[in-house]
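In what follows, a structure is listed as structure tokens, so that the remarks can point back to it.
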Amino acid sequence: MEVRMEIDAYEYTPGPMGDKWLEELKQGRLTASKCSSCGTVFLPPKLYCPVCRGEAKELVPTGKGRAVNVVQVKVDDEGKKLTRPVKLALIRFDGIFGGLLHYVSDEVEEGDQVKPKFKVERRGSITDIEFFERV
Ligand SMILES: [Zn+2]
């Protein structure tokens, strides 16, 4: 059975841990949530641990990431050809459960070690990271 969901726009409330995480991004720091019960470090940041449901009370630095599942995108979400193709990847970090989907620079290939390239002017958003670039 195929189920289709029409989603034009939605609002997302980041919650208390998400707010802290976005403030860290605004300061140019990429962090991850750390569970106070089992010690799991995870992304995206959440208040409750995806492994044990314990509460995450702190954020810790992520360190360098690795680009996996790198894809080149040539059309927008309506099928219209982009003027310039973009690359996206799942970024995974050593010792961190989960990861982030984000833009990567053109030279990034599958398995490359990457770091975030922050914008100069930041506002507390995931887009404060312009893209991930090869280390
Ligand atoms: Zn936990």
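Each reported figure results from applying straightforward, stated rules to the coordinates on display, with no laboratory input. All figures in this text were calculated on a predicted structure; none of them were measured in a lab. Cβ atoms come from the backbone with ideal geometry, glycine included; neighbour counts cover every protein chain shown.
Name the single residue that is surrounded by the fewest Cβ atoms within 10 Å (Cβ to Cβ) among those in region 16-26 being within 15 Å of P116 (Cα to Cα) and in contact (Cβ under 8 Å) with a residue 60 or more places away in the chain.
Top of the filtered list is K26.
A quick yes/no check of all residues on (1) acidic (D, E); (2) under 21 Å from G28 (Cα atoms):
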{"site": "K74", "(1), (2)": "no, no"}
{"site": "G79", "(1), (2)": "no, no"}
{"site": "A89", "(1), (2)": "no, yes"}
{"site": "D94", "(1), (2)": "yes, yes"}
{"site": "F97", "(1), (2)": "no, no"}
{"site": "F118", "(1), (2)": "no, yes"}
{"site": "R123", "(1), (2)": "no, yes"}
